[in-house]
Amino acid sequence: MINKVLTIMALTFASSAALAQEVITPVAPLKRSPLYVTLDAGYGKVSEQFEGLPRASDGFEAELAIGYNVSDGLGIEVGYQSYANQKFGTTVEGSQNHTYFVGVRGTNDLNEKLKVYGRAGLAFAHHRLVGTNVDTDTSRATLMLGAGLSLALTEGLDLNLIDLHGTLKNGPIPAMYAVGVGLTWTPAFR
């Protein structure tokens, strides 16, 4: 009788250990994609005057960027930035300003949660001035620069606490710059 009890106990222990190994098999961790998507919104300004008229050249600004991390801390990105539209007196209705850009983004971890980044690239800036006696539509390449600070909310999702970016004046294209907040998402896969 004791042999039967010991045999049953031994078989129960062996099957429990085998079952535990089966259940505790680790799941492969998620791998971060080298792709990322950034969406920022904030306050933008266009530094422009038209024949000395008073202007309101600030307001809502938005940016969408898609990037690819070529190495740890270095990415290449393309994107679109929409800057504040301007309103001038009564003879000029306003202007429309936006850019398409391609550039590099360098990122450095300050600690486990905070990152600082810098960006530089080439922007194809578009500026249109519309009014009673004027209708100009100009596009030109210019330099785009930016910097920011982000906070990791979760694995793969960062809150851009501050994002500064802008383009330099180039001929009839005014300087455009903005400060915003946003999110950067890096997808994951198995």
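Coordinate-derived values only; no laboratory data. Computed from a predicted model, the values in this text were never measured in an experiment. Because the Cβ atoms are built from the backbone with ideal geometry, glycine has one as well, and the counts that use them run over all protein chains shown.
For the range 159-176, putting each phi into the Karplus relation 6.51 cos²θ - 1.76 cosθ + 1.60 with θ = phi - 60° gives couplings of 9, 7, 5, 8, 10, 9, 7, x, 10, 8, 5, 9, x, x, 7, x, 5, 10 Hz, in residue order, rounded to whole numbers and with x for Gly and Pro. When Phe101, Phe60, Phe189 are arranged by Cβ crowding within 10 Å, least crowded first, meaning fewest neighbours, the order is Phe189, Phe60, Phe101. Sorted on the mean count of surrounding Cβ atoms within 10 Å across their residues, most packed first, peptides 118-128, 146-156 read 118-128, 146-156.
Can you flag which of Lys45/Lys115; Lys45/Lys113; Lys45/Lys169 are past 24 Å Cα-Cα? Numbers along the way, then the final one.
On the way: Lys45/Lys115 26 Å; Lys45/Lys113 30 Å; Lys45/Lys169 13 Å.
In this structure, Lys45/Lys115; Lys45/Lys113 lie more than 24 Å apart at Cα.
Net length available on complete extension from Ile76 to Phe60 is 3.2 nm, with 0.36 nm assigned per residue and the Cα-Cα distance removed. Between amide H atoms placed 1.01 Å from N, distances below 5 Å from Lys169 occur with Ala175, all of them 5 or more places distant or on a separate chain.
Between Leu39 and Asp137, what length comes free when the chain is fully extended (0.36 nm per residue of separation minus the Cα-Cα distance, one decimal in nm)?
Stretched fully, the Leu39-Asp137 segment lengthens by 32.6 nm.
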